[in-house]
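Please treat every number below as a calculation from the coordinates, not as lab data. None of these values were measured; they are calculated from a predicted model. Counting neighbours? That spans all protein chains shown, and the Cβs are built from the backbone with ideal geometry, glycine included.
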Amino acid sequence: MSLGCKALKADGQPCRAAPLRGSDYCYMHDPAKARERRDARHRGGVNRRVAKHSAAPLKVTIETGKDVVKVLQAAINDALRLENSHARARTLGYLCDKAMRALELGEISARVEALERMLSEDEDGNGEGSDGM
Ligand SMILES: [Zn+2]
């Protein structure tokens, strides 16, 4: 009769949770339950965790560069909540790079739109239709 789960936790300490009947491991560590755990996570555990810790909306519609920037901002905010690590630093670097690009593209397209407006105003009155593009 074992006293507790035989697995080690992520920090290397023994788990010591109550083992399942007929097993040396608790529900979280029993290799025989791996598939069941994965399915349970898939069904809702992940969504619940995201909803609890994430600033990101669970569903987005991307129509403009601003929408992309919003998603990136939410992802950056999520990453900032994580414990510091090389992986977090890499993720933040990557997301910031993408955010920069989205912001630059948004700025460029705003300038192009402004130029197009100026051009179409110039062409007003000459009788030619100028739908452009
Ligand atoms: Zn355990």
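Some values worked out for this structure:
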item: Computed FRET value (nearest 0.05) for E36 with K59, which takes r as the C-beta separation and R₀ as 30 Å; result: 0.60
item: Mean separation of Cα contacts under 8 Å (6+ apart) over length of the stretch 1-40, as relative contact order %; result: 30
item: Partner aspartates and glutamates for K59 [C-alpha distance under 19 Å; skip if fewer than 8 residues away on the same chain]; result: D67, D78
